[in-house]
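The values are calculated or read from the model by the stated rules, or taken from the named source; none is laboratory data. All figures in this text were calculated on a predicted structure; none of them were measured in a lab. Neighbour counts run over all protein chains shown; Cβ positions are idealised from the backbone, glycine included. Each accessible area value is taken on the protein alone, full model and side chains, heavy atoms only, with ligands, DNA and RNA left out. Shrake-Rupley method; radii C 1.70, N 1.55, O 1.52, S 1.80 Å.
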Amino acid sequence: MPSPWYSVYVPRPAASVCLYCLPCAGGDATMFRAWAERLPPSIELRAIRLPGRHAWHPEPVFTDCGAAADRLALGLGPELRPPYVLFGHSMGALLAHQLVRAVERRGLAPPALFVSAAWLVEGIPLERLPDPAAPDDRFVDRLRRLGGVPPEVLADPEVLAFTLPVLRADYRLCRTYAYRPGQPQLGVPVRAMGGVVDSVTPVGEMESWRHHTSRFLGVSRFQGDHFFIREHADGVVDALAEDVAAVTADGCVP
């Protein structure tokens, strides 16, 4: 039976690695559909389905990052067979990081972690993000300036009415994150990716990830802003495939 927690757009039962991808705020599994065919046959992409995006999903929308990570670990636990990799973009990076922690707490096999436009472990200033409590006009204007929602969605009142509750829930989730100093370093490989003109999670700040893992792989820089993965999808996927092959060949992922 297919899992309610992820979509597999290009099934590869013989693949040696599963790549689980978590979307940005307001995003869904389909943002990774085009990636699946570009990846080599050795990697099967599993695009995470977050509640609230799919009418048949059995869970209510997430609004707390810790609870979301615990629920994802519970739902995905039977599927997380090594070697596997987590990739998250923006809010997805926050969830991916918290999911690694949840996996560790449960004594499950750990993944490699790839974070894009990465939510910093120390957190980011809330003024960089849309305020989910703001009136619709101010909230939409902030989304428009951030560039994360397609203009055609913002211009269509019916589509926007369906999308806004999910976006508000996602940004409420982001605000529940609290950095806890003194946590032990992650024991998994971590690669950070960023856009060189990103004002939300500046690429220079991503170097701080080296303090939170014993296996920091460095920062990969791409032209573009917070949503550089759209304009440079091919380059991002190629870089991902190269890094996944390297960490699995080196035995960095169990």
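Go over the candidates Leu39, Leu76, Leu99, Leu108 one by one and state the one that is open to solvent by 30 Å² or more (accessible area, probe 1.4 Å) and in contact with a helix residue (DSSP H, G or I) (Cβ under 9 Å, 6 or more places away or on another chain).
On the way: Leu39 fails: open to solvent by 30 Å² or more (accessible area, probe 1.4 Å); Leu76 fails: open to solvent by 30 Å² or more (accessible area, probe 1.4 Å); Leu99 fails: open to solvent by 30 Å² or more (accessible area, probe 1.4 Å).
Within the list Leu39, Leu76, Leu99, Leu108, the selection yields Leu108.
When the residues of the range 1-30 are filtered to those that are among the aliphatic types (A, V, I, L, M) and not in a loop (DSSP other than H, G, I, E, B), which remaining residue is farthest from the chain's Cα centre (by Cα)? Spell out the reasoning first.
Restricting attention to the range 1-30, the residues satisfying the condition of being among the aliphatic types (A, V, I, L, M) are 1, 8, 10, 14-15, 17, 19, 22, 25, 29.
Checking the rest, the ones that are also not in a loop (DSSP other than H, G, I, E, B) come to 17, 19, 22, 29.
Numbers: Val17: 18, Leu19: 11, Leu22: 4, Ala29: 10 Å.
Per the criteria, the residue is Val17.
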note = When restricted to Pro83, Pro40, Pro23, the only residue in contact with a His (Cβ under 7 Å, 6 or more places away or on another chain) and modelled with pLDDT of 90 or more is Pro23
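Name the residue that is nearest to Pro181 (Cα to Cα), counting only residues in the range 216-226 that are crowded, with 17+ Cβ neighbours inside 10 Å and out of contact with any His (no Cβ under 8 Å at 6 or more places or on another chain). Step through it out loud before you land on a result.
Kept after step one, since they are crowded, with 17+ Cβ neighbours inside 10 Å, are these residues of the range 216-226: 216-217, 219-220, 222, 224-226.
Going one step further and asking which of them are out of contact with any His (no Cβ under 8 Å at 6 or more places or on another chain), we end up with 216-217, 219-220, 225-226.
Working: Phe216: 19, Leu217: 22, Val219: 22, Ser220: 26, Asp225: 29, His226: 26 Å.
Only one residue fits best here, namely Phe216.
Would you confirm whether any residue within the range 87-104 is outside any helix (DSSP H, G or I) and over 22 Å from His211 (Cβ atoms)?
First, pick out the residues of the range 87-104 that are outside any helix (DSSP H, G or I): 87-90.
From the residues that got through so far, the ones that are over 22 Å from His211 (Cβ atoms) too are none.
Within the range 87-104 (the criterion being outside any helix (DSSP H, G or I) and over 22 Å from His211 (Cβ atoms)), the answer is no, since none of the residues qualifies.
Go through the range 141-150 and give me each residue that's within 22 Å of the chain's Cα centre (by Cα) and either part of a helix (DSSP H, G or I) or not hydrophobic (A, V, I, L, M, F, W, C) (or both).
Within the range 141-150, Arg142, Leu143, Arg144, Arg145, Leu146, Gly147, Gly148, Pro150 qualify.
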query = Just checking, which of Tyr177, Tyr171 is closer than 24 Å to Leu86 by Cβ, hydroxyl-bearing (Ser, Thr, Tyr), open to solvent by less than 70 Å² (accessible area, probe 1.4 Å) and part of a helix (DSSP H, G or I)?
reply = Tyr171
query = Mind checking which pairs have a first residue in the range 236-253 that is farther than 11 Å from Phe114 by Cβ and modelled with pLDDT under 90 and a second that is open to solvent by less than 40 Å² (accessible area, probe 1.4 Å) and part of a helix (DSSP H, G or I), Cβ under 9 Å, 6 or more apart or different chains?
reply = Val253/Val244; Val253/Val247
remark   = Note: among Arg180, Arg210, Arg215, Arg168, just one is basic (Lys, Arg), under 28 Å from Arg105 (Cα atoms) and in contact (Cβ under 8 Å) with a residue 24 or more places away in the chain, namely Arg215
